[in-house]
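Only the coordinates and a few stated rules stand behind these numbers; no lab work does. Owing to the predicted nature of the structure, the values given are computational and were not obtained by experimental measurement. All Cβ positions, even for glycine, are placed from backbone atoms using ideal geometry, and neighbour counts span all protein chains on display.
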Amino acid sequence: MPPRLSPLPDDQWDERTREALSSLLPRRLRNERGAGPAMATLARHPQLAEIFLPFSTYVLFHSTLPPRLRELATLRVARRRDCAYEWTSHLVLARQAGLTEAEIEAAGRGKAADPLDSLVLAAVDELEDDSTVSDRTWDALGEHLDERQRMDLVFTVGTYALLAMAFNTFGVLPDQEEERS
């Protein structure tokens, strides 16, 4: 089935479109190929990209949440929401954050051997099921994460849930190069 919204071809990108992607992409990648299927699809709506991408960039690169925990949460959201693009695009980041192949696959199932990892995955499941984190999980997370990190965890789950909904709805598929990673 073809995507509902295909990536915007380079010849239709204007300077505003390229600038809208600047918070996430260096100048050399501000084109359809360099941007990849998700960002090239968001290029169809520069005003939305201008507003959303700086926030998304914070969640991905500047959050107080350690990268390992961010990637655990992201992978769990991707699996729960059956978002192939998100799952595939975060495999490299998960490996860079130190997750093993076994930990990556377990995270998709909501399982982890490490107690903190388990708490993060439980928080994702609670947010996905109930739109809140239980007092028990919040307090247990507080033994390992400070207030800002817990806030960033909630916003990480929310951001990637939103992206999964958008990518699934628009029909954004993983890039073949990402699938081979």
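Taking the Cβ-Cβ separation of Arg109 and Arg136 as r and a Förster radius of 30 Å, what is the calculated FRET efficiency to the nearest 0.05? Computed FRET efficiency for Arg109 and Arg136: 0.90.
Rounded if a/c is under 1.5, else prolate if a/b is larger than b/c, else oblate: which is the range 82-139, with a ≥ b ≥ c the root eigenvalues of its Cα gyration tensor? Numbers along the way, then the final one.
On the way: a/c = 2.48, a/b = 1.51, b/c = 1.65.
Cα axes put the range 82-139 in the oblate bin.
Evaluated with a Cβ-only charge set (Lys, Arg +1; Asp, Glu -1), the chain carries a dipole of roughly 440 debye about its Cα centre, given to the nearest 20. Along the axis of the charge dipole computed for the range 65-180 (Cβ charges of +1 for Lys and Arg, -1 for Asp and Glu, origin at the Cα centre), the listed residues Ala140, Ala84, Thr156 are led at the positive end by Ala84.
In order along the range 119-127, phi translates into HN-Hα couplings of 5, 4, 5, 5, 4, 4, 4, 5, 5 Hz, rounded to whole numbers, per the Karplus curve 6.51 cos²θ - 1.76 cosθ + 1.60 with θ = phi - 60° and x for Gly and Pro.
Estimated at 0.36 nm per residue, the fully extended path between Glu128 and Glu15 surpasses their Cα-Cα distance by 36.9 nm. Working note: Karplus 6.51/-1.76/1.60 with θ = phi - 60° gives the range 139-150 the couplings 5, 5, 4, x, 6, 10, 10, 7, 4, 5, 5, 5 Hz, where Gly and Pro are set to x.
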